[in-house]
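> Got a structure here, written out as structure tokens. Questions coming.
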Amino acid sequence: MFYYSIKNTQYRTNFKEALVKGMAPNQGLFFPEKIPILKKDFIKNIHKYDINDVLLRIIKPFIYKVISEYELYKIIIEILNIHYRIIKIKSRFYVLELFHGPTMSFKDIGVKFMASCINLFLQKGYINKLTILVATSGDTGGAVVNGFYKIPGTSIILLYPYGKISNIQEKQMTTFGYNINTVAIKGTFDDCQKLVKQAFLDKIIQSKCLLTSANSINIARWLPQMFYYFIAYRKLIQYEEIINNDQVLFSVPSGNFGNICAAILSYKMGLPVKHLIASTNINDTIPRFLNNGGVYSPTISHSTISNAMDVSSPSNYCRILSICKEFEIIINNLSSYSFSDELTLSTINKVCNQYNYILDPHGAVAYLGLEKYLIKNKYNKSQGIFLETAHPVKFTDFMPQHLISKISETSRLNKLIKSPQKNILLPNNYEVFSNYLLSL
Ligand SMILES: *Cc1c(COP(=O)(O)O)cnc(C)c1O
């Protein structure tokens, strides 16, 4: 499989180069040259195959020849050590829990996949050293630390918006040291993302180190996110909640739109998806884009309680355009709605009271998206699945006291909360940031 740059379709490269580079020249995102189509028979009988074989079959064409089938299989087995649960909340509302990984967010899975690939490249001598530079809105940081901590040959630099992420998210990345460097920026997540993009274009920095990203712009983090949708679909068949080839709905809490973009890719590969819902907080660039006939106008980003989605210029927007080609195709397959913090909190309360299930703010936004879609499309009979992308314990800063006492995981995090932080604080200024990078 080759990948082309969305900014310049003449620019082609293989999986290894696309992973190591992170982005093509001029900040072009990589995109697979051909989307493989799975056989109808395979989808119909997906519950009869071993889950390892299912995931292998999905990812193999994207990586073919760079990593052997045997190595890929080993990576998949590691990823499947993380549990994935699907729970019925009420009629037509299923929650897919993706937070059972080590840092309790869905990002653990994509990062783990990427880290395993890099580890393999280092072991085989394809690369000697790699610097991973990442802007995080909260959860990527912890996942990257967990994936890369003490991996020889890697140096990690994480940027996050100062004062705009939860206490636990901050501790999950700033308390480690060793090959992990954490920088709080006095600005928003979009500012952090801009500094990172600028560093990628900086020839002096490029000459000093081999630089890659670990956001969903990196294909090695983005592509394995397709697994969630196949896993969820297969589980609903196994539990006899749907029958083979029934179509389903997915509501995905969206920030940089990498995850929903992986859902679109899964649909293109043949997963029977009726419709996709990208649910956002008040950072509503994509809902406005869809509702204003395709006018794209990002504004500044706002801080919310679903902070991992405080993004106003979603980096995967251009990938959505690449997959769907025309605006008409996008709106036929994808709806997007935005919700306030007030509604998010009242939904967390409501779902807890009525169904005894505690949502985190991101999952609550996804729940709201599914609810809104089902109200607007009364005749659609498909089952709906919404994604719980982080454990509620990560957001207790924002949750009402009576709910916090019901969250059971707190003890696991006490040690982390007491550990000292090793981060530094920098202004939102590229020159200062680049000097810091060069001093490492
Ligand atoms: C990163 C994140 C999201 C947004 O995912 P994108 O792929 O950037 O759209 C949603 N929820 C949580 C908890 C996250 O950490």
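> So F230 clears everything in (1) open to solvent by less than 10 Å² (accessible area, probe 1.4 Å); (2) within 13 Å of the ligand (Cβ to nearest atom) except one condition, right? Which one?
Only one criterion is unmet by F230, namely (2).
> Residues being farther than 18 Å from E371 by Cα, aliphatic (A, V, I, L, M) and open to solvent by 10 Å² or more (accessible area, probe 1.4 Å): count how many of those fall in the range 265-285.
Residues that pass the stated criteria total 0.
> Name every residue in the range 43-102 that is open to solvent by 70 Å² or more (accessible area, probe 1.4 Å), of a type in the set (S, T, N, Q) and closer than 22 Å to G384 by Cα, in order of residue number.
S91
> Looking for whichever is small (G, A, S), within 12 Å of the ligand (Cβ to nearest atom), in a loop (DSSP other than H, G, I, E, B) and in contact (Cβ under 8 Å) with a residue 12 or more places away in the chain here; the options are S216, S297, S312. Which one fits?
Numbers: S297 fails: within 12 Å of the ligand (Cβ to nearest atom); S312 fails: within 12 Å of the ligand (Cβ to nearest atom).
Answer to the check: S216.
> Right, I375: modelled with pLDDT of 85 or more, away from the ligand (no atom under 13 Å from the Cβ) and of a type outside the set (D, E, K, R) or not?
Working: modelled with pLDDT of 85 or more: yes; away from the ligand (no atom under 13 Å from the Cβ): yes; of a type outside the set (D, E, K, R): yes.
Yes, satisfied.
> Among K378, K394, K422, which is within 30 Å of L345 (Cα to Cα) and open to solvent by 70 Å² or more (accessible area, probe 1.4 Å)? Break it down stepwise before answering.
Numbers: K394 fails: open to solvent by 70 Å² or more (accessible area, probe 1.4 Å); K422 fails: within 30 Å of L345 (Cα to Cα).
Going through K378, K394, K422 in turn, just one is within 30 Å of L345 (Cα to Cα) and open to solvent by 70 Å² or more (accessible area, probe 1.4 Å): K378.
> Sticking with this one: If you check every pair at least six apart or on different chains, which have Cβ atoms under 7 Å apart with a residue in the range 355-382 that is in contact (Cβ under 8 Å) with a residue 40 or more places away in the chain first and a residue that is open to solvent by 40 Å² or more (accessible area, probe 1.4 Å) and within 14 Å of the ligand (Cβ to nearest atom) second?
Taking only residues 6 or more apart or on different chains, the pairs are P361/F398.
Rundown of residues vs (1) under 22 Å from S105 (Cα atoms); (2) within 12 Å of the ligand (Cβ to nearest atom), yes/no style:
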site: Q225; (1), (2): yes, yes
site: K235; (1), (2): yes, no
site: E241; (1), (2): no, no
site: V248; (1), (2): no, no
site: F257; (1), (2): yes, yes
site: L271; (1), (2): no, no
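> Residues R234, R221: which one is touching a His at 6+ places or on another chain (Cβ under 8 Å) and of a type outside the set (S, T, Y)? Don't jump to the end; show me each part of the working.
On the way: R221 fails: touching a His at 6+ places or on another chain (Cβ under 8 Å).
Among R234, R221, only R234 is touching a His at 6+ places or on another chain (Cβ under 8 Å) and of a type outside the set (S, T, Y).
Each row is one residue, and each column tells you yes or no for (1) hydrophobic (A, V, I, L, M, F, W, C); (2) within 20 Å of V196 (Cβ to Cβ).
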position	(1), (2)
V144	yes, yes
G147	no, yes
L159	yes, yes
K171	no, no
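So that you can scan it fast, the table gives a plain yes or no per residue for (1) assigned to a helix (DSSP H, G or I); (2) within 30 Å of I358 (Cα to Cα); (3) open to solvent by 10 Å² or more (accessible area, probe 1.4 Å):
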residue	(1), (2), (3)
F113	yes, yes, no
N119	yes, no, yes
S155	no, no, yes
Y178	no, no, yes
I185	no, no, no
A199	yes, no, no
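> Suppose we filter S306, S340 for residues that are touching a residue at least 12 places away in the same chain (Cβ under 8 Å), polar (S, T, N, Q), open to solvent by less than 60 Å² (accessible area, probe 1.4 Å) and within 16 Å of the ligand (Cβ to nearest atom); which single one remains? Step through it out loud before you land on a result.
Details: S340 fails: within 16 Å of the ligand (Cβ to nearest atom).
Residue meeting the stated conditions: S306.
> Please list, ordered by first then second residue, the pairs with beta carbon atoms under 7 Å, 6 or more apart or interchain, first in the range 418-440 and among the small types (G, A, S), second open to solvent by less than 60 Å² (accessible area, probe 1.4 Å).
These pairs meet every condition: S419/K171; S419/T175; S434/A199; S434/D202; S434/I205.
> Something else now. List pairs: first in the range 87-105 and under 16 Å from L374 (Cα atoms), second within 16 Å of the ligand (Cβ to nearest atom) and of a type in the set (D, E), Cβ under 8 Å, 6+ apart or cross-chain?
V95/E388
> It is to be established whether one or more residues within the range 246-263 are of a type in the set (S, T, N, Q), in contact (Cβ under 8 Å) with a residue 40 or more places away in the chain and surrounded by fewer than 17 Cβ atoms within 10 Å (Cβ to Cβ).
Residues of the range 246-263 that are of a type in the set (S, T, N, Q), as a first pass: 247, 251, 254, 256, 259.
In the following step, the residues that additionally are in contact (Cβ under 8 Å) with a residue 40 or more places away in the chain were identified as 247, 251, 254, 256, 259.
Adding the requirement that they be surrounded by fewer than 17 Cβ atoms within 10 Å (Cβ to Cβ) leaves 247.
Yes: one or more hits.
> Further question: If the requirement is being acidic (D, E) and open to solvent by 10 Å² or more (accessible area, probe 1.4 Å), which of these qualifies: D139, D191? Talk me through it step by step, then tell me what you get.
Values: D139 fails: open to solvent by 10 Å² or more (accessible area, probe 1.4 Å).
Matching residue, one of D139, D191: D191.
> Additional query: Being free of Cβ contacts under 8 Å to residues at least 60 places away in the same chain and more than 25 Å from C324 (Cβ to Cβ) is true for just one of Q238, Q172, Q198, Q206. Which residue is that?
One residue alone meets the criteria, Q206.
The values are calculated or read from the model by the stated rules, or taken from the named source; none is laboratory data. As the structure is a computational prediction, the values presented were derived from the model and not from experiment. Cβ coordinates were reconstructed from backbone atoms using ideal geometry, including for glycine residues, and neighbour counts include every protein chain displayed. Surface accessibility is based on the protein's heavy atoms, side chains included, excluding ligands, DNA and RNA. Shrake-Rupley method; radii C 1.70, N 1.55, O 1.52, S 1.80 Å.
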